[in-house]
Amino acid sequence: MKRRAFLLASLLVQAGAQEKNELRFCLRADPKTFDPLKVEEESSGIVRYLTGGVLIRVHRQTQNPIAELATSWKRSADGRRISFALRRGVHYSDGTPFDAEDVAYTFRMLADPNLRSPAADSFRFAQGAPRVEVKGRYEADVVFPAPAPGAERLFDSAPILSSRSPKRELAVLGPYELAEHKPGVHVLLRRNPHYWKKDEAGVRLPYVDTIRMEIQQNRELEMMRFRRGQLSLISSLDAEMYEQLAAQMPSGVVDGGPSLDAEFLWFNQIPGAGIDEYKKSWFRSARFRQAVSRAISRDDLCRVVYKGRAQPAAGPVSPSNRFWYNAALKPHSYDPPAALRLLAEEGFQLRDGVLRDRTGNATEFSLITNAGNRARERMGAMIQQDLAKIGIKMNLVTLDFRSLIERITRGFQYEACLLGLVNTDLDPNSQMNVWLSSGSSHQWNPNQKRPETAWEADIDRLMDAQATALDPNKRKTSFDRVQQIVFEQAPFIYLVHKNALGAVSPALRNARASALWPQILWNAERFSLGPEVSSRGR
Amino acid sequence: MTLFEKASAGVLCAVFGASLFCGWIAPYPYDLQIRDMTNAAPSARFWLGADELGRDRFSRLLYGSRISLLLAPAAALIAVGAAALIGGVGGLLGGVWDRLAMAAADLFLSLPWLFLLLMVRAALPLNTPPVASVLVTFALLGSLGWAGAARVIRVRARTLATADFAIQARACGTSRWRLLMVHVLPNLKAVMAAQFWISIPLFVLAEANLGLLGLGVSEPLPSWGNLLRDLENFHRVRDQPWLLAPAALLILVVGCFQLLYDRGEVSS
């Protein structure tokens, strides 16, 4: 009797959840902030994406900027000014009306020198932050201190705050608003009753009433709950879990193709680094780096480590970045004889299975990577075996992330490093810090006073050229050449672009994968649960 | 010796023998990747299947056993030795020595030793050979893991120091040294042995946990610790139950040790 009552109660709870029309998924950690301008980490970023209204959104499938709160925009001839025509009749979630004063207020907040966040930083140029000129109630100009090519994409991460709402940053213009946050348990969003967007049939978006984001760090538990139907989606899956799920629920997995992220390794070329001089001379040799690149089987890395859910990489830009990808570059194929030929040109000789340089030193180096990342540990082990075939001994060292960052950014006590770059931006301007020789993220030899090699000077010149040219095609030509130089000099040896993998419940409709962040969630406002879209809100 | 005890001794001899002579027994080198055979199921070619990089699991288990079976007991020996010294001194001498010993034990139990291990690993030269790195790891584990055992030994030593036979021995003029060697230590042996056997699986598991943080045995060297990492994924274990082999071997070895230890304790 008791068991029946329990079953009945369970069914009622489940039915209640369905009645509530609630989307459920997991966040890896609690959001650190709900202030959209202070977002630094992924959980807060997802909340911002689902609640914030922006002037321009980068469409996650076409990769083109589309009008949101701005109905149109126009760039001035000198590239310093973007004039926006704003959407009329839009209200924040608490009913406060939206107009150009809110845009001005948001950019005043963004210009605050004390505000440290990626969104704020991306709007700060060397000559200062942009300002807003209010031209009318629904007209505003954003004026940049210098020509800002590609600046439209920056507005994607700048939700417009209300200058008048007493709820401050909790008054939002996106499809959802914050309803509840229980730290360590969940974040609950409810549909914004004043959201302006309607679908093609005139139904007010979003379709789903509430979104419950449960805080769950354990990916195994997340998978288990998804299998039991307690979660609607998993936004990001690793290849191993994807394969397991695909075997059981072929229709439940989605592969968005190569993501923007890249896995790569590099050698320490810093002149003052505390490593042996003869090793520095290897690492500074383009032929040595090229040889290492050719001795690594990228196909095997994709097939074995990523179960075929990755693509061999030739350079920093993934093929999913349609405009900036340099299709002329092909990843180095696995070719140990070619690698040995390159090494021989540099004076290396393979004797008794050991590669020795021209002074007789055995070729041995250590490769550091972050501990706990199984994919990187496996890649390291495979690279170790590949390099052993050309007589190079590589010691794989896994370090906790903090120690690793300390070594590659401050101490520089390392020989080679294997890491990945998480890329959320399509435009190369976001990578200036990586490619300029003066950049702190120019990892192989950062913070140079002046470029130490001719090819780094070329990259500096080309990056400056693409950052100031207003013609997108001229920018593309410059950045294509940067990719070509990086391919030839191999300061970063690019290995793979892993695919954007996820899982979607059969009950969830309109979910479409995207290689761009936030992957499956990009069109959450159009998600629906069940067969028919409610007619409420027409 | 009962049949169970004989069987336990036989199993332990077999496991130790196989791990010591793994170079001859293992069908493949532990680091050989046969990339067309990744995640292969058990077969005549791969008795325990192949791992995600196509390495023979049986060979890796043998090599891993050698590392774990030699180094975990070595770490346990260091820990119990330190515990016997500190706990024994505290228990036998009492007073300020006892307070000092227990304060040291409390300090070690409360220290975030994990961070100390991380610091030491981060400070090691990067080209340290994997074997040296493993030795350092287990030596550190041993020298940091004495505090719990020291408390147990101290209680036993305190009881022995105030036992009737000890008082009688001292009344008869027995020197402190003779009291320690003849009367106290033999009686502490069982407690120390218990702590030793208990510590072995703890050190194996500690190494496995450290592996997740990068301080354990690094690739491509196998150990029970990093072989146990395959059990993180429950669904994979359900589909590939042979992944349980390292755990089964660990349980078997610890169980056999326990059976033999029980006998030793009973007979002593």
Practice prompt. Given the options B:ALA171, B:ALA41, B:ALA248, state which has the largest fluctuation in a GNM of chain B using a 10 Å cut-off (strictly under) for Cα springs.
Written response: B:ALA171
Fill in: Fully extended contour minus Cα-Cα distance, from A:ASN21 to A:GLU345, at 0.36 nm per residue
110.0 nm
Response to the item:
Of B:ARG151, B:ARG99, B:ARG57, the most mobile residue in a GNM of chain B (C-alpha springs, cutoff 10 Å) is B:ARG99
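Longest exposed-loop-site-free stretch of chain A, with GluC sites (Glu not before Pro), DSSP loop and at most 11 other Cβ within 10 Å? Before the final figure, lay out the partial values.
Numbers: sites that count: A:GLU200, A:GLU532.
Answer - A:201-531.
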Response to the item:
Note to self: C-alpha centroids of the stretch B:1-78 and the stretch A:303-320 sit apart, in Å, by 34
Worksheet entry | Residue (of B:GLY148, B:HIS183, B:GLY173) at the positive-pole extreme of the stretch B:62-267, dipole from beta-carbon charges | B:GLY173
Discussion item. Net charge around B:ASN39, counting only other residues with Cβ within less than 13 Å of its Cβ (Lys, Arg = +1; Asp, Glu = -1)?
Written reply: -1
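Restricting to DSSP loop positions (anything but H, G, I, E, B) with no more than 14 other Cβ atoms inside 10 Å of their own Cβ, which trypsin sites (Lys or Arg not before Pro) remain in the stretch A:78-107? Can you show the working numbers first?
Details: sites: A:ARG80, A:ARG81, A:ARG87, A:ARG88; in loops: A:ARG80, A:ARG87, A:ARG88.
Within the stretch A:78-107, the qualifying trypsin sites (Lys or Arg not before Pro) (loop, at most 14 other Cβ atoms within 10 Å) are A:ARG88.
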Fill in: Under 5 Å, built H, 5+ apart or other chain: amide partners of A:LYS197
A:LEU205
Worksheet entry | Dipole of the protein assembly as shown, positive direction: furthest Cα of A:LEU110, B:ALA76, B:MET192, with charges on the beta-carbon | B:MET192
Item to complete: Mind listing, in residue-number order, the residues in the stretch B:177-226 that have at least 40 Å² less accessible area with every protein chain present than in their own chain alone (1.4 Å probe)?
Response: B:GLY214, B:GLU219
Worksheet entry | ³J(HN,Hα) computed for each position of the stretch B:179-192 - Karplus, 6.51 cos²θ - 1.76 cosθ + 1.60, integer Hz, glycine/proline x | 4, 5, 6, 8, 9, 8, 4, x, 7, 7, 4, 5, 5, 5
Worksheet item: How large is the accessible surface per residue of the stretch B:62-267, computed with a 1.4 Å probe and reported in Å² as a whole number?
Response: 46
Item to complete: Would you list, by chain and number, the lysines whose Cα falls below 27 Å from the Cα of A:LYS279, excluding same-chain residues fewer than 8 positions away?
Response: A:LYS389, A:LYS393, A:LYS449
Worksheet entry | With Cα atoms, 0 to 90° folded angle of helix A:336-345 axis to chain A main axis | 50
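Is the stretch A:78-148 best put as rounded, prolate or oblate by its Cα gyration tensor, with a ≥ b ≥ c the root eigenvalues, rounded for a/c under 1.5, and otherwise prolate when a/b is larger than b/c, oblate when not?
oblate
Taking both sides together, what accessible area is buried at the A/B interface, probe 1.4 Å, expressed in Å² and rounded to the nearest 100? Walk me through the intermediate numbers first.
On the way: alone 24090 and 14180 Å², together 35480 Å².
Result for this pair: about 2800 Å² buried.
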Worksheet entry | Charge dipole magnitude, Cβ of K and R +1, D and E -1 - the stretch A:318-416, Cα centre, debye nearest 20 | 280
Practice prompt. May I ask you to give the percent of accessible area on the stretch B:62-267 that is carbon plus sulfur, with a probe radius of 1.4 Å?
Written response: 71
Worksheet, complete the sentence: For the stretch B:62-267, the dipole about the Cα centre with charges only on Cβ (Lys and Arg +1, Asp and Glu -1), to the nearest 20 debye, works out at 580
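About its Cα centre, what dipole magnitude does the protein assembly as shown give when the only charges are +1 on Lys and Arg Cβ and -1 on Asp and Glu Cβ, stated in debye to the nearest 20?
Working: 96 positive and 78 negative charges, 216 e Å.
Roughly 1040 debye, rounded to the nearest 20.
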Discussion item. Tell me which trypsin sites (Lys or Arg not before Pro) from the stretch A:270-322 have a DSSP coil assignment and no more than 15 other beta carbons within 10 Å of their own.
Written reply: A:ARG322
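What does the charge count near A:GLU101 come to, summing +1 for each Lys or Arg and -1 for each Asp or Glu among other residues with Cβ under 9 Å from its Cβ? Mind dumping the intermediate values first?
Working: positive: A:ARG137, A:ARG164; negative: A:ASP99, A:ASP102.
Every neighbour counted, the sum reads 0.
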Worksheet item: What are the ³J(HN,Hα) values, in whole Hz, obtained from phi via the Karplus relation 6.51 cos²θ - 1.76 cosθ + 1.60 with θ = phi - 60°, for each residue of the stretch A:360-375 in sequence order, with x given for Gly and Pro?
Response: x, 6, 5, 7, 8, 8, 9, 10, 9, 8, 7, 5, x, 8, 4, 4
Practice prompt. Per DSSP H run of n ≥ 4, the term is -39500 (n - 2.57); total these for chain A, divide by its residue number, and report the mean residue ellipticity at 222 nm rounded to 500 deg cm²/dmol.
Written response: -8000 deg cm²/dmol
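Go ahead and run the numbers for FRET between A:GLU180 and A:ARG116, Cβ-Cβ distance against an R0 of 22 Å, rounding to 0.05.
0.20
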Discussion item. Give me, ordered by chain and number, the residues 5 or more places off A:LEU27 or on other chains with an amide H under 5 Å from its own placed amide H.
Written reply: A:GLU214, A:ILE215, A:GLN216
Worksheet, complete the sentence: Projected onto the charge dipole of the protein assembly as shown (unit charges on the beta-carbon of Lys, Arg, Asp and Glu, signs +1, +1, -1, -1), the Cα from A:ASN326, B:PHE257, A:LEU154 with the largest positive-side position is that of B:PHE257
Discussion item. Which residue fluctuates most in the GNM of chain B (Cα springs below 10 Å): B:GLY216, B:GLY23, B:GLY90?
Written reply: B:GLY23
Fill in: the stretch A:33-94 and the stretch A:456-519: distance between their alpha carbon centers, rounded to Å
21
Item to complete: Give the distance, in whole Å, between the Cα centre of the stretch A:240-297 and the Cα centre of the stretch B:111-160.
Response: 34
Worksheet item: Using the Karplus equation 6.51 cos²θ - 1.76 cosθ + 1.60 (θ = phi - 60°), what ³J(HN,Hα) coupling, rounded to whole Hz, does each residue of the stretch A:394-409 give in order, writing x for Gly and Pro?
Response: 10, 9, 8, 10, 9, 10, 5, 4, 5, 5, 5, 5, 4, 5, 8, 10
Item to complete: Please determine, in degrees from 0 to 90 and to the nearest 10, the orientation of helix A:100-110 with respect to the longest principal axis defined by the Cα atoms of chain A, where the helix direction is its Cα long axis.
Response: 40
Discussion item. Can you give me the long-range amide H partners of A:LEU86? Hydrogens built in the peptide plane at 1.01 Å from N, cutoff under 5 Å, separation of 5 or more residues or another chain.
Written reply: A:THR71, A:GLU139, A:ALA140
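The values are calculated or read from the model by the stated rules, or taken from the named source; none is laboratory data. Note that this is a predicted model, so its numbers are computed, not measured. For neighbour counting, all protein chains shown are included, and Cβ atoms are generated from backbone atoms with ideal geometry for every residue, glycine included. Quick note on the areas: whole protein, heavy atoms, side chains included, nothing else; ligands and nucleic acids left out. Shrake-Rupley method; radii C 1.70, N 1.55, O 1.52, S 1.80 Å.
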